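Structure first, commentary second.
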Amino acid sequence: MSGRPTSSRPGGNGSKRGAGHSGGRSGGQGASHDHSAGRSRAAGRGSGAGQGGEVPAFRSGFACLIGRPNAGKSTLTNALVGEKVAITSSRPQTTRHTVRGIVHREDAQLVLVDTPGLHRPRTLLGQRLNDLVRDTLLEVDVIGFCMPADERVGPGDRFIASQLAQVRRGGRGTPVVVVVTKADTVDRARLTEHLLAVSELIKADDVVPTSAVDGFQVDVLADVLVGHLPPGQPLYLDGELTDEPEQVMIAELVREAALEGVRDELPHSLAVVVDEIEPRENRPVDAPLLDVRVLLYVERESQRGIVIGKGGERLRDVGTRARQEIQALLGQRIHLDLRVKVAKDWQRDPKQLRRLGF
């Protein structure tokens, strides 16, 4: 852990926990940790934490990860689940809808809801994404506010903190865990400085520095989030990692591939829709093939050229990378057909937004 600060509670001591997060399909054992303040709060919510050797109740519930665009929410979701369920990109506003990733443990089932970045909207699409995030915040058991360690607290963070304050005042007093992401990118002094700035911005129930890249305190974060869940039965079958429909995941994988290495303007203007998925006829039984046709929509003809590239080279590269991911998802060979179309100013057009699934 290279001497980095560990999870903390305002007014309490930093603490470390042993590995206990299950990253695979079968679910692993949760680690125990003497986090007295967390236990007393959780017990107040009906945790069933035993006195005199009683076995703690199984916990289940929803945790929403929020933050400004490109705060590391999707990468963290994938790290907690142990497999890729959310697309990631160096570009902001990659996530366009809520993605549920399911963490299976022997003591709990944690359903992570990765949301679009909360921001001041400039388009109808941006407003709808913000509304989606706010609706999600009202329904979950714990909120993880992601703040990247390599960026100073800014207007976007203050905007989200104000939104969280409104949600907590008007809702159920939902616990907030500040997740300081990308801790691997800064030294100890900068991380400590960031933690102080976080404590001044928001009164959180917990603060956990973590890194999804090198695994620093990912298990700790899982334990902290689980500690805020109520007792309950599993919500999903063992082995399920996400409830995302295959068509949605395919569209997201294509979009992820298309976003790599493009100019800043394109991520906001790119929408991807799966047009059809059909088994190829007259194929051998032991060598099936799926024909997958995907439509990529941009707002201007110039953007269409960016996606296709000179002589179609870039679109072929997108197809190659997306096909590998889709075949891994579906478990069989596919033929991927990508078409790029222009839907002028679709982010501001209610009819086109509905047609594209927003």
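The values are calculated or read from the model by the stated rules, or taken from the named source; none is laboratory data. Note that the structure is predicted; figures quoted are calculated from it, not measured. Cβ coordinates were reconstructed from backbone atoms using ideal geometry, including for glycine residues, and neighbour counts include every protein chain displayed.
In the stretch 251-276, the residues that are in the same structural domain as Arg300 (by TED's automatic domain parsing) reach residues that are of a type in the set (S, T, N, Q) and modelled with pLDDT of 80 or more with C-beta atoms within less than 8 angstrom, at least six apart or across chains, in these pairs: Glu265/Gln303; Leu266/Gln303; Ser269/Gln303; Leu270/Gln303; Val274/Gln247.
Quick grid of which residues meet (1) part of a helix (DSSP H, G or I); (2) touching a Phe, Trp or Tyr at 6+ places or on another chain (Cβ under 8 Å); (3) crowded, with 21+ Cβ neighbours inside 10 Å; (4) not assigned by TED's automatic domain parsing to the domain that holds Thr75:
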{"site": "Arg190", "(1), (2), (3), (4)": "yes, no, no, no"}
{"site": "Val213", "(1), (2), (3), (4)": "no, no, no, no"}
{"site": "Val220", "(1), (2), (3), (4)": "yes, no, yes, no"}
{"site": "Asp238", "(1), (2), (3), (4)": "no, no, no, yes"}
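Among the residues of the stretch 258-295, those identified as modelled with pLDDT of 90 or more and among the acidic types (Asp, Glu) are Asp275, Glu276, Glu278, Glu281, Asp291.
Exactly one residue among Arg134, Arg91 is surrounded by fewer than 23 Cβ atoms within 10 Å (Cβ to Cβ) and modelled with pLDDT of 65 or more, and that residue is Arg134. For the stretch 300-358, the helices (runs of 4 or more DSSP H) that sit wholly inside it and include 2 or more residues that are under 22 Å from Glu244 (Cβ atoms) are 313-330, 350-355. Output yes when any residue across the stretch 153-160 is modelled with pLDDT of 80 or more, out of contact with any Phe, Trp or Tyr (no Cβ under 6 Å at 6 or more places or on another chain), assigned by TED's automatic domain parsing to the domain that holds Leu112 and not in a helix (DSSP H, G or I), and no when none is. Yes, that holds for at least one residue. Considered as a group, the residues in the stretch 153-202 that are of a type in the set (Lys, Arg) and without any contact (Cβ under 8 Å) to a residue 40 or more places away in the chain include one that is farthest from Leu137 (Cα to Cα), and that residue is Arg169.
Scanning the stretch 222-236 for residues that are in a loop (DSSP other than H, G, I, E, B) and over 18 Å from Leu80 (Cβ atoms) turns up Pro230, Gly232, Gln233. Residues that are more than 30 Å from Val273 (Cα to Cα) and at pLDDT below 90: does the stretch 236-246 have at least one? Looking for residues that are more than 30 Å from Val273 (Cα to Cα) and at pLDDT below 90, one finds none in the stretch 236-246, hence no. Examine the stretch 278-294 for a residue that is surrounded by fewer than 15 Cβ atoms within 10 Å (Cβ to Cβ) and either in a helix (DSSP H, G or I) or in the same structural domain as Asn78 (by TED's automatic domain parsing) (or both), and state whether such a residue exists. No, the stretch 278-294 contains no residue that is surrounded by fewer than 15 Cβ atoms within 10 Å (Cβ to Cβ) and either in a helix (DSSP H, G or I) or in the same structural domain as Asn78 (by TED's automatic domain parsing) (or both). Against the conditions (1) of a type outside the set (Phe, Trp, Tyr); (2) assigned to a helix (DSSP H, G or I); (3) in contact with a strand residue (DSSP E or B) (Cβ under 6 Å, 6 or more places away or on another chain); (4) under 18 Å from Leu112 (Cα atoms), Val178 satisfies every one except (2).
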